[in-house]
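> Encoded as C-alpha cells, here's the structure I'll be asking about.
Quick note: the coordinates plus some simple rules give every number you see, no bench work behind them. Since this is a predicted model, take the numbers as computed values, not measurements. As a convention, Cβ positions derive from the backbone with ideal geometry for all residues, glycine included, and neighbour counts pool all protein chains shown.
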Amino acid sequence: MSDADFRPEARAPRGFSDKRAGDLRVERRILDAVSKVYERWGFEALDTGAFEYADALGKFLPDSDRPNEGVFALQDDDEQWMALRYDLTAPLARFAAENWETLPKPFRRYAFGPVWRNEKPGPGRYRQFIQCDADTVGSARPEADAELIAMGAEGFEAAGLRRGDYLFKVNSRKLLNGLLAAAGVESQGQKLGVLRAVDKLDRLGMDGVRLLLGEGRKDESGAFTKGAGLNGKAVEAVLAFVQIGAGRGDTLSRLSDVVGGSAEGAEGLEELGRIETALAGLGVGADRAVFDPSIVRGLEYYTGAVFEADLLLETTDEKGNAVRFGSVASGGRYDDLVARFTGQPIPATGISFGVSRLAAALRAAGHNPVETARGPVVVIAFDQDQMTAYFAAAAELRAAGIPAEVYLGSSGMRPQMKYADRRMAPAAVIMGGDEIAAGTVTIKDLDLGRALSSQVADNEAWRAERPGQMTVPRDQMVAAIAQIIEAASREPKP
RNA sequence: GCCGCCUUAGCUCAGUUGGUUAGAGCGCUAGAUUGUGGAUCUAGAGGUCCUCGGUUCGAGCCCGAGAGGUGGUACCA
C-alpha cells in the first residue's frame, strides 16, 4: 500500500473519551459549584502545568526501560524525564516546596483539571479524568482535616446532591498502626498487606478479609492472593477493630477500648476526637459524616486521618441495572510528602473530588439529566443575494444576548429547517423575497411545532398549518424571538 | 498482569452440517413536497464479516496466534 492509500482509522485512543455539549455542561456546573465552595472557605486557586519532572511525581518513576509504567512520560531535549501528572497532590507538594519561603502559612489552595494515568481503562475508568482538589499545607491540626470534610459535604450539595445522597467515612491510619504495633506487627510489608486486605472488606466480606490477613485467599477463578501473614491473634484483633461499626461519639468510645492501649492508637483517637468536635461546630452531623474503622484507603502515603465519601443514592445504567459508584471524593493527611523535597517535615491534608465520576453518577441518578443542548436561533439562508440581511439579523440577535447563527451549508430550505430542528434551535428566522420587500420577517417557533407535530398525521395538513409561524415587522424580530425563548424556558419541553 | 466470554453496516443484531452475489430493524442521503421540521411512502448510499496465518475444491462459520471490547481478579501514586 502506498502512503497515499493509507487511511487512518478515525477513533479516539482507548481510555480517552470525547465529551459533547451536554456532558461538558454537567461537568462545568460541578467544577463551578465546587470551586465556589472552596473559595468561600478561603482556598486560593492554583494552576500548574500538565507535566512535572518525573522525580517530582514520586514512587512511580519512569526509566528508560519502562518509561510509561503507570504514567505518560517522555524525555525532554535535555534528557530529563517529564511525565503527565497523575493527580493534583504531587504537583502541589512540588509547588509548596518550591515556594515555601514566600507562601502564607498555612497555605490553602484549590486546583482542578485533567490528570492522566496510563493503566487499563474500563467502564467508568478513563486514562484522562478531571479532579478538583483542596489542600491545606502547613497545619498539623486535626481541625484542618475536619474542615475539608465539612467543605466536601458542602461541595456535594452545591453540585446538586441532596443531603442523604452521600456520606463521608472517616478513620485514622494511626489507629490501625497502633493496633498492629501492640500485636507485634512491625514489618512495612505486613502493614501494607493489612491495609489492602481491609480495603476489600465491602467486596469480600469478613471471611475473605480474614484469609487475606492470614495466609492468603484463592478466588473463584483459582488465582491465589498472598495474605499479610498475621498470626491468629493479630488477625482477630484487626477484624474486631474493623467491625466496631460506623458512628460518631459512640464509635470513638468503642474504639478507645480496642486501640487505646498503644501510644500511636491513643494519638489517633485524640485526633479523631478533635475532628468530632470541629465537625459538630461546623454543623456536620452523623447524617453526613461518620467514623468508620473499615475505611483505610489503599495508598501508602497517608499518615493520619483518611476519609472517603460514598454515594448512597440508587443509580441504574441504560439497561436498568443497578450501578455502584465507588467513592467520588476522598482524601486524608499526608505529612511526609513535602518533606521529600525540602527535608523539612511539613504537615498537609487534602481532599479530592472525582469530577468525571460525580458527573456520571449525577447523570445515572437522573438528578441532572443531560438535556440535549439548546441550539442557536437559525437564520435561514434563503437567497444567496441577501446574505447581508441575514448576517445583520443574526448580529442583532447576538447583541440582544440571543445565540444565533446564519446557516452556512449549501442546502435548500427544507434541509435548513431540519438542521435547525436537530440543533434544538428554539426558532428559525425566514427572510425570503416576500418578507424583505414587505419589511417583515417570518419567525417559526420550533418548540411549538415540536409539541404540535404529534397530533398531525398527514404532511399536507402539517405544512399547510405552518405551526408556530408568524410574520412580524422587521424591527420587532428580536422582541418576538425573545418572547419565544422566554416561554420555552418556563414550560417543560415535551 | 492473570482467567472467562465476546467482535458481522453508523447503532442493535440475524446468518442453517462449511456452499453462488452476506441480511433485517433503526439511523443516514435523496425524492414524493420548485418557500418549511414530524409522520407516511419510494429509491439510494453504506461491509478488509477485528487482524494475520492455517485446514479445505470452497471459510463470516473450523483450528492457531495477535488486537480490541467486556466481566471477574490483582495492582492503583
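> Give the Rg (one decimal place) followed by the Dmax (whole number) of region A:179-301, computed from C-alpha coordinates and expressed in Å.
When restricted to Cα atoms, region A:179-301 yields Rg and Dmax of 15.5, 51 Å.
> I need two numbers for region A:378-489: Rg to one decimal and Dmax as a whole number, Cα atoms only, in Å.
When restricted to Cα atoms, region A:378-489 yields Rg and Dmax of 13.4, 39 Å.
> Right, here's the next one. Starting from the amide H of A:TYR334, placed 1.01 Å from N in the peptide plane, find each other amide H under 5 Å away whose residue is 5 or more places distant or on another chain.
Distant-sequence amide H within range of A:TYR334: A:THR303, A:ALA348, A:THR349, A:GLY350.
> Quick one: which residues, 5+ away or cross-chain, put their amide H under 5 Å from the amide H of A:GLN469? H built at 1.01 Å from N.
Amide H neighbours of A:GLN469, under 5 Å, 5+ apart: A:ASP445.
> By average Cβ neighbour count within 10 Å, what is the ranking of A:195-201, A:407-413, A:287-293 from highest down?
Values: A:195-201: 20.3, A:407-413: 12.0, A:287-293: 21.9.
Order by mean packing, descending: A:287-293, A:195-201, A:407-413.
> Still on this structure, please answer the following. Provide Rg over Rh for region A:21-364; use the alpha carbon set for both Rg and the Kirkwood Rh (inverse mean inverse pair distance).
Details: Rg = 20.2 Å, Rh = 21.1 Å.
Over the Cα atoms of region A:21-364, Rg/Rh equals 0.96.
> Hey, if you drop one equal point scatterer on each alpha-carbon of region A:75-234 and run the Debye formula without solvent, what base-10 log of I(q)/I(0) do you get at q = 0.14, 0.17, 0.20 Å⁻¹?
The computed values of log10 I(q)/I(0) come out as -1.14, -1.28, -1.26.
> Can you give me the C-alpha center-to-center distance between region A:427-494 and region A:100-125, rounded to a whole angstrom?
Here the two parts' Cα centres lie 49 Å apart.
> Near the amide H of A:THR225, under 5 Å away, which other amide H atoms are found, from residues 5 or more places off or on another chain, if H is placed in the peptide plane?
Here A:ARG217, A:LYS218, A:ASP219 satisfy the definition.
> Filter the GluC sites (Glu not before Pro) in region A:216-315 down to the DSSP loop ones having no more than 16 other Cβ atoms within 10 Å, then list what survives. Before the final figure, lay out each step's value.
On the way: sites: A:GLU220, A:GLU236, A:GLU264, A:GLU267, A:GLU270, A:GLU271, A:GLU276, A:GLU300, A:GLU308, A:GLU314; in loops: A:GLU220, A:GLU300, A:GLU314.
Taking region A:216-315 and a limit of 16 other Cβ atoms within 10 Å, the loop GluC sites (Glu not before Pro) found are A:GLU220, A:GLU300, A:GLU314.
> Right, another one. Using the Karplus curve 6.51 cos²θ - 1.76 cosθ + 1.60 with θ = phi - 60°, work out ³J(HN,Hα) for each residue of region A:253-266 in order, rounded to whole Hz, and write x for Gly and Pro.
6, 5, 4, 5, 5, 8, 10, x, x, 8, 4, 5, x, 5
> Further, regarding this structure: Run the numbers for A:LEU452 and A:SER187: contour at 0.36 nm per residue of separation, minus the present Cα-Cα distance, in nm.
Working: separation 265, 0.36 × 265 = 95.40 nm, distance 7.32 nm.
Net length gain for the segment: 88.1 nm.
> When a footprinting reagent is the concern and you count Cβ atoms within 10 Å, what order do A:MET206, A:MET82 take, fewest first? Write out the running numbers ahead of the final one.
Details: A:MET206 10, A:MET82 20.
Result, fewest neighbours first: A:MET206, A:MET82.
> Here's something else I'd like to know. Which net charge results for the neighbourhood of A:ALA392, defined as the other residues with beta-carbon distances under 15 angstrom from its beta-carbon, given Lys and Arg at +1 and Asp and Glu at -1?
Result for the local shell: -4.
> Residue by residue through region A:177-186, which ³J(HN,Hα) values in whole Hz follow from phi under the Karplus form 6.51 cos²θ - 1.76 cosθ + 1.60 (θ = phi - 60°), with glycine and proline marked x?
Coupling constants for region A:177-186: 4, x, 4, 5, 4, 5, 8, x, 8, 10 Hz.
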